[in-house]
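Notes for the one structure printed next.
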Amino acid sequence: MKIYHNPRCSKSRQTLQLINDAGKDVEIIEYLKDVPTEEELKSIIDLLGISPEQLLRKNEAIFKEQFKGRSFSDEEWIKIMIGNPKLIERPIVVDGKKAVLGRPPENVLSLL
């Protein structure tokens, strides 16, 4: 099990706590420091069953200033997220061939 985690985010911390409380081994990936590769992000998006645009944090200042109201292809959104990892919604928990967004944190219970 992996969590793409931002320790400054309360939802991310709550999701990690649920995993720890369940006694699961989890690899913590601080995605702002250890940015996923393009292939990793594509794989995560596929596991989540969403479009790249649905993984964006649209309330971030950088989104509002540079990307709001503009149209990009899926490939372009992925490159934008790799270049601006703050735009990646968090936390993301991956367990084998399943993944969930920890918003709300209780979503992770489906993997436990």
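Protection proxy ranking of 65-75, 20-30, by the mean of other Cβ atoms within 10 Å over each peptide's residues and highest first, is 20-30, 65-75.
Which lysines have a Cα less than 20 Å from the Cα of Lys79, not counting those fewer than 8 places away in the same chain? Partners found: Lys33, Lys42, Lys58, Lys64, Lys68.
No value in this document is a laboratory result; all are computed from the given coordinates. Not measured: the values here are computed from a predicted model. Virtual Cβ from ideal backbone geometry, glycine too; neighbours counted across all protein chains shown.
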